[in-house]
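Please read the structure below before turning to the comments.
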Amino acid sequence: NISCINVDKNGNYYAIKDSTCLKSDDGTSWIENTFKRKSSYWESMSIDVNDDVYLGTSQNGVYLSNDSSKSWELINDGLFNKYVISTTSDDSGNVVVGTFGNPFLLKDSVYSWQSLSNGFPRTFTTSLAISPQGILFSGTQDYGMYRTSAPLRKRIPTIYNQIDTLPPVPEPVITDYNLFQNYPNPFNSS
């Protein structure tokens, strides 16, 4: 049951198997990363431009390793919802995690999270992606897809706009009709 897999710039492979993080140098043999953590399951993983690994959990928030998974630390300052279901990062150094409620942006090198909730529905952020232009796209449970109205920039509040993910349904056009005799007539029995 491999739920996530990722590769850093140095060719280290990472995978999430059930509630365990695995690492491999060549992608063929895998080593289980063991470290003390509270009872929770791994939900998501992202590797940023500096090869820092972020693991989202079902109860404990976000774990960070900036030494190829030799050590891990919890980074939850400002993260008021610890159920992290999705994570993403981009080449500009932006790291975003999705929780139940809204996404959070990691602030510059202080390991503190900033809520990106302006205009976002209170639901699971099930998937995240950042475009090359810095626009954050957020898939949600039951509320469709949202995107930021401006590129992500650390410490700047972001407004969300909902994206219409379904094509418009065309109005039906009547092209033909028929009128038939109503027999027997229900209003006149004779």
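Assorted remarks:
- Only residues that are surrounded by 18 or more Cβ atoms within 10 Å (Cβ to Cβ) and either farther than 22 Å from Val53 by Cβ or at pLDDT 90 or above (or both) were counted across segment 117-135, and they come to 5.
- Positions within segment 64-104 being among the aromatic types (Phe, Trp, Tyr) and open to solvent by less than 10 Å² (accessible area, probe 1.4 Å), in sequence order: Phe104
- Long-range neighbours under 6 Å by Cβ, at least six apart or interchain, first residue more than 15 Å from Pro103 (Cα to Cα) within segment 138-154, second in a loop (DSSP other than H, G, I, E, B): Asp142/Thr123
- Condition check for Asp164: open to solvent by 70 Å² or more (accessible area, probe 1.4 Å), out of contact with any Gly (no Cβ under 7 Å at 6 or more places or on another chain) and either at pLDDT 70 or above or among the aromatic types (Phe, Trp, Tyr) (or both): no
- Answer residue from segment 42-63, given it is of a type outside the set (S, T, N, Q) and outside any strand (DSSP E or B) and is most open to solvent (accessible area, probe 1.4 Å) among those: Val49
The values are calculated or read from the model by the stated rules, or taken from the named source; none is laboratory data. Small disclaimer: the values here were computed from a predicted structure and weren't measured. Positions of Cβ are generated from backbone atoms using ideal geometry, with glycine treated the same way; all protein chains shown enter the neighbour counts. SASA here: full protein model, heavy atoms, side chains in, ligands and nucleic acids out. Shrake-Rupley method; radii C 1.70, N 1.55, O 1.52, S 1.80 Å.
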